[in-house]
Amino acid sequence: MAEAKKRKIASECRTFQTRWENEYFFKEVKEKCVCLICNETVAVMKESNVRRHYETKHPTFTSYTAAEREDKVQHMAANLQAQQQYFYPANNTQENATIASYEVAQLIARRGKAFSDGDWLNSASLKSLE
């Protein structure tokens, strides 16, 4: 007897609906639904899951008018974006330092000289500062 295929969430084509931003204070971040209020993610991108999270954890936000909701969503989305971009420069600096160390190691290997010869080592360190 043939086994039934197991359902996969990715094959069900569930996508984020833009109306969820103003209705439920959710935003799509890297293919996941993120609550703008508490920064939690919902397991499956379904309206019922998003609505359940909103109604159980944030019932005080239902009293906002449409204009207040839009302002609040824009403000919270900007805060989330700022939080996410806070860590990017550190990674970029670390990558640049790694690349510079590889370039200096390559110059040392090409020269085949000891570290005691300081003249060419200065040029290598200047290259790493670029």
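None of the figures in this text is laboratory data; all of them are computed from the coordinates on show. Keep in mind that this is a model prediction, so the values were computed, not measured. Cβ coordinates were reconstructed from backbone atoms using ideal geometry, including for glycine residues, and neighbour counts include every protein chain displayed.
Brief remarks follow.
- Rounded to the nearest whole angstrom, the semi-axes of the ellipsoid equivalent to the range 10-77, taken from the Cα gyration tensor as √(5λ), stand at 20, 12, 10, largest first.
- Additional length obtainable on full extension of the chain from GLU23 to SER63, 0.36 nm per residue less Cα span: 13.2 nm
- Chymotrypsin sites (Phe, Trp or Tyr not before Pro) within the range 52-81: DSSP coil, no more than 16 neighbouring Cβ in 10 Å: TYR64
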